Amino acid sequence: MTSHRLNDFLIFFSIMFIIMIIHLRNRNMAEAVLVIDMLKDFVYGSLKCERAQRIIPSIKKLLNEARNKGVPVIYVGDAHLPKDPEISLWGPHAMKGTEGAKTIDEIAPTEKDFVLEKRTYSAFHETGLDLLLRQLNVKTVIITGLHTNICDRHTAADAYFRGYKIKIPEDCVDSFSEKDHIEGLEYLRRIYGAEITNSENIIKSWREKEART
C-alpha cells in the first residue's frame, strides 16, 4: 500500500470512528432517567407516602436497565434549609445533612450515577440539572419518583420550558392518593405533552435500539 493510499485509509478510518462515537453517544445519551425525592423521609419518615412502596420495584428495574444500556441516571432530592418556603407548608422534612434526606437503600445511587440536591419542588430550579443534561446530550427526560402531582409536575414544567421531551412511566411515579396520581398524570399529558408509558415499554425500547446497532 502506497503512503498516499495509507493516508486516505487512515483518514477514512478516523472519520468512521468519529461517526461511530457520535452515534453511540446519541444512542445512549438521548435520554436520562430522573429519580425525584425517593428519600427516606418521603418513603418511611416525616412525609411518609404509603403508596411509594409499590413503585420501588419498577424504579429499581428501570435503573438497573438504564445503567446497563449507558443511559444516565440522575437523582434529585430535597435537602432543605430551615427557611425554605416548603417547610411552612409541609413541616420539616428531608433536611440537609440528615438521614431523612438520603435516598432509600433499595434504589441507592451507584458510582456511575449523578446526585443533585434541590430546595424547591422542581428538580431544575438552581440545581445545575439543565447544564448536566446538556453536557450529556440529553433530549428526553424520563421522570420517576414522588409525587406525580407535585415535584414530578414542577420538574416536568421546567423540562418542558427548556425544550426537553418528557416520558412518565406511570408505574414509577405516585402520590399520596390515587386521585392525585391520576389527575397528575393527566395534567402532565395534557399540559406538557408528556408521554405516559410504563417501565416495561421504556426498557423494551432500549433493548430494541441496542439490537439495531
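So the values come out like this:
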{"quantity": "Rg to Rh, two decimals, where the chain supplies the alpha carbon set and Rh follows Kirkwood", "calculated": "1.08"}
{"quantity": "Under 18 Å from the Cα of LYS40 - aspartates and glutamates, other chains or at least 8 residues apart", "calculated": "GLU50, ASP78, GLU86, GLU99, ASP105, GLU106, GLU117, ASP152, ASP174"}
{"quantity": "Percent RCO, i.e. relative contact order, over the range 29-211, from Cα pairs under 8 Å lying at least 6 residues apart", "calculated": "26 percent"}
{"quantity": "Degrees, to the nearest 10: 151-161 long Cα axis against longest axis of the chain", "calculated": "40 degrees"}
{"quantity": "Helix-only mean residue ellipticity at 222 nm for the chain, each DSSP H run of n ≥ 4 adding -39500 (n - 2.57), per residue, nearest 500", "calculated": "-14000 deg cm²/dmol"}
{"quantity": "C-alpha long axis of helix 178-192 to longest principal axis of the chain, angle in °", "calculated": "40 degrees"}
{"quantity": "Ranking of CYS49, CYS172 by count of other Cβ atoms within 10 Å, fewest first", "calculated": "CYS49, CYS172"}
{"quantity": "Ranked list, fewest to most other Cβ atoms within 10 Å of each Cβ, for ILE56, ILE203, ILE191", "calculated": "ILE191, ILE56, ILE203"}
{"quantity": "Cross-link partners of LYS165 among lysines (Cα-Cα below 27 Å; sequence separation of 8 or more within a chain)", "calculated": "LYS60, LYS61, LYS69, LYS112, LYS118, LYS139, LYS179, LYS204, LYS209"}
{"quantity": "Equivalent ellipsoid semi-axes - Cα gyration tensor, the range 136-192, angstrom", "calculated": "20, 11, 9"}
{"quantity": "Net lengthening on full extension, ASN68/GLU183 (0.36 nm per residue, minus Cα-Cα)", "calculated": "38.1 nm"}
{"quantity": "Ascending count of other beta-carbon atoms within 10 Å, so fewest first, for ASP158, ASP78", "calculated": "ASP158, ASP78"}
{"quantity": "Fully extended contour minus Cα-Cα distance, from ARG134 to LYS204, at 0.36 nm per residue", "calculated": "22.7 nm"}
{"quantity": "Loop-exposed GluC sites (Glu not before Pro) per DSSP, neighbour cap 15 Cβ within 10 angstrom, longest uninterrupted part of the chain", "calculated": "1-110"}
{"quantity": "The chain: antiparallel DSSP beta bridges as a percent of all, rounded to 5", "calculated": "5 percent"}
{"quantity": "Cα gyration tensor shape of the range 95-213, rounded if a/c is under 1.5, else prolate or oblate by comparing a/b with b/c", "calculated": "rounded"}
{"quantity": "Which of GLY91, LEU129, TRP206, positive extreme of dipole for the chain (C-beta unit charges)", "calculated": "TRP206"}
{"quantity": "Calculated FRET efficiency for the pair ARG212/VAL115, C-beta based, R₀ 30 Å, to 0.05", "calculated": "0.40"}
{"quantity": "Efficiency of FRET between ASP105 and ILE196 - r from beta-carbon atoms, R0 22 angstrom, step 0.05", "calculated": "0.15"}
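Rule-based calculations on the coordinates, nothing more; no lab input. As the structure is a computational prediction, the values presented were derived from the model and not from experiment. FYI the Cβ positions are ideal-geometry reconstructions off the backbone, even for glycines, and counts take in every protein chain you see.
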